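Before any comments, here is the structure.
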Amino acid sequence: MQKRYSILLLIWMGFSFHLLAQNREIDSLKIALKSAKSDTLETIQLNKIARAYLIIGLFDSTNVYTEKAIFLASKYPSYQNPSKIRLQKSLADAYNNLGIVCAQQARYNQALEYWQKALNIDESLGDKTGIASRTGNIGNIYWYTKDYEKALKYFNRAYALSVELNNIELQAKWLGNMGNVIRYQFENQENSEQRYQSLILADQKYLQAQALYHKINKTDGYARMLGSRSNIMVDLCNLKKAGLKKDSLLKIAFDLTQEALQIQISQNNAFEAAIQEGNLGLIYQKQGRLEAAKLHYKKVIDIFSELKSIEYLSFFYEKQARLLYEAKDYKTAFENFDHYNTLKDSVFNDQKQKELYEKELTYEFEKKEAIAQSEQDKKDLLSKIEQRKQKQILYVVVGVLGLILMFSLVLTRFFVQKKKANRILAQQNAEIQEQKEEIQSQNELVSAQKNRIEHIHKELTDSINYTKRLQDAILPTEHLRNELCPNHFLMYRPKDIVAGDFYWMEQVDDIVLMAVADCTGHGVPGAMVSMVCSNYLNKVVGESKISDPGKILDLTKDLVSKHFSKGESEVKDGMDISLCAFNKNDKTNFSWAGANNPLYLVRRNNPYSPAVLIEFKADKQPIGITDFDRPFTTRQIEVFPGDRLYLFSDGFKDQFGGENGKKLKSAPFKQFIESIQLYDMPEQGAMFHRFYDAWKSDFEQVDDVCIWGIEV
């Protein structure tokens, strides 16, 4: 408890030092403001001062300097004037500052209005960074007001723009916000499978964001993701699901929050540190340590009252009320519930929801107003044309009466021509009947050819299915795989009925040999090559009883090369392969060799640190005929219990998909493997299948897929 008091004292001291440092910065900015020699420079300085006040929570001062910036920038409304583009960007920043103030004070309808104004300016200037930022801010409004579907829509737009800009910090920010929405989306369905899956998905989003923040050394963002993941562990404690251990989850939550708190204190970030202290209060309450939780809630409420953060005040008043009720301090509990309900009503009432909806409709309407006006002009023009038509009708009537007289003269001639036309029609009908009979004869011929083709197709399909049974017979059985390597998963998805990819396993004394191979082609040709290569692997190991991966590949390459050079023409078919060997009684004794296909090893120093992926490069030559033959290299690899190794072909990372229909490629493939290291091997296998199906979507599968994951 004494340590907790010390940490709270450090937060208040950090907050005070933070205010002092910010005040010095503000004084410096005000001096620079006096020397600004143009409206543009003066507007930029005003925005910097407003932003500095915003950081320390002095919202009234923020509003004063922001309004001055808007007044100056609004004197130059033309976005297209190159000399005033910086001024218009400053105007967008000013509207953005006002939006943040309104959001912090739960005035969401006004926040949305200011951010939409900023977005209009960014779009007119083509400023994609600004567009991404404002779009994400609008998503925050819908998150605060629990309109999760719209929040996800805006966060996805902002994330896509951030990827296009290669802005890693913004990517991490919107991934974290997506995690927030997914976490709360099904919070009312506490014990549903959908709630459990949403928490797991939210944790994956936080973990991806955490890795990106770590990559760019953004410690405050990294700490926020630690806190968010701590909240997931606490939420999982509330689920009545088999296999979830409450004590273990709370221990993980406590460690994550402690790490996040230490980082925020070192950064003098009082606001974020207070959030983590509140999280510790939640954990203490879950552990039944009510006095410790009560102390944290009181200090956190004092900090957020000083910062006028209504959203967090509302949240922690509710938590403190429930704690006091649990401690049977009913009078104080009901007082806290009154505070919570007052703040909640100021945030979420029917009028504000209505105003938010009206603001969005207004924003969409402004985009379509020009089109609507154009349509109205067309209608007015059509009305004038109709009036002129009415006048013209009178003249037409007179003309028709004259035409009737002429018609009677033409009628006689018409009957003569009709008789002639009937004779021609009879002749044409006879020709049509003749053509019909010819077409019927051709249809019968087509039908016979169709039946012949279907018969041939059936014979081919039966042959291919028989080939599949032969190929399945050479693959290791599930019983053998589980016996020799208990903790593993296998993803095997041929493109066609039969495949060019195959997996292979043999045992030489106590040494287990495992491999994933990718033969030239797929379908029937690939299957034929795979059966040849698999047969020679068995021949080399069965006859020579060697277990060195490099020597096995050398002998197999010789046999395959001789096999494909027997005919009159040289065939350069063969295979790429990743082959490993280990002692089944001591899996840390591990060796490996590869022909074009690499090996990935993933290691975690502890359960809470990010996973590290190590790639071992293969020899750049296939198993088959090449211009220059070199011996394959056997790598002795030091592995430890808990290490995970992945053998694979190139079909997974070469698959086209995603929003732009491009290849997945190696970097996202590695990131995905790193992101799933919290899960055991069978669950990883299921996640590989789900990720592949989601990425491929409606695109055609381009190649066979084979991935074999092993845990030491």
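The values are calculated or read from the model by the stated rules, or taken from the named source; none is laboratory data. Here the structure is a predicted model, which means the values were calculated and not measured. Here the Cβ positions follow ideal geometry from the backbone for every residue, glycine too, while neighbour counts run over all protein chains shown. Only protein heavy atoms, including side chains, enter the accessible area calculation; ligands, DNA and RNA are left aside. Shrake-Rupley method; radii C 1.70, N 1.55, O 1.52, S 1.80 Å.
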For this session: Show that you can apply the helix-only estimate: for the chain, add -39,500 (n - 2.57) for every DSSP H stretch of four or more residues, divide by all residues, and state [θ] at 222 nm to the nearest 500.
Result: -24000 deg cm²/dmol
Exercise. Of all accessible surface on the chain at a 1.4 Å probe, what whole percent is carbon and sulfur?
Worked result: 54
Exercise. Assuming R0 = 60 Å, what is the FRET efficiency of residue 588 and residue 448, from their Cβ-Cβ distance, to the nearest 0.05?
Worked result: 0.30
Problem set entry | Point-to-point label distance, residue 184-residue 405, nm (Cα→Cβ direction, 7 Å offset) | 8.6
Exercise. What order, most packed first, do the peptides 586-592, 226-232 have when packing is the mean number of other Cβ atoms within 10 Å of each residue?
Worked result: 226-232, 586-592
Exercise. Given the Cα-Cα distance of residue 201 and residue 424 and 0.36 nm per residue of separation, how much length would full extension add, in nm?
Worked result: 72.7 nm
Exercise. Going highest first, how would you order 390-398, 165-173, 687-695 by mean Cβ packing within 10 Å?
Worked result: 165-173, 687-695, 390-398
Seminar exercise, completed: Given a Förster distance of 45 Å, the FRET efficiency implied by the Cβ-Cβ spacing of residue 239 and residue 23, rounded to the nearest 0.05, works out to 0.45
Problem set entry | Separation in nanometres of the label points that stand 7 Å from Cα toward Cβ, at residue 86 and residue 436 | 8.4
Problem set entry | Modelled FRET efficiency - R0 41 Å, residue 338 with residue 160, Cβ distances, 0.05 increments | 0.40
Exercise. Using 0.36 nm per residue, how much length does the chain from residue 565 to residue 149 gain when fully extended, once their Cα-Cα distance is taken away?
Worked result: 143.6 nm
Exercise. Once fully extended, how much extra length lies between residue 482 and residue 507, figured as 0.36 nm per residue of separation less the alpha-carbon to alpha-carbon distance?
Worked result: 7.7 nm
Exercise. What percentages, rounded to whole numbers, describe P(r) for the chain computed over all alpha carbon pairs with 10 Å bin width beginning at zero?
Worked result: 2, 10, 16, 16, 14, 12, 11, 9, 5, 3, 1, 0
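Would you mind getting the accessible area per residue of segment 592-650, heavy atoms of the protein chains only, 1.4 Å probe, in Å²?
Per-residue accessible area for segment 592-650 comes out at 47 Å².
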For this session: With a point put 7 Å past each Cα toward its Cβ, work out how far residue 38 is from residue 219 in nm, to one decimal.
Result: 3.8
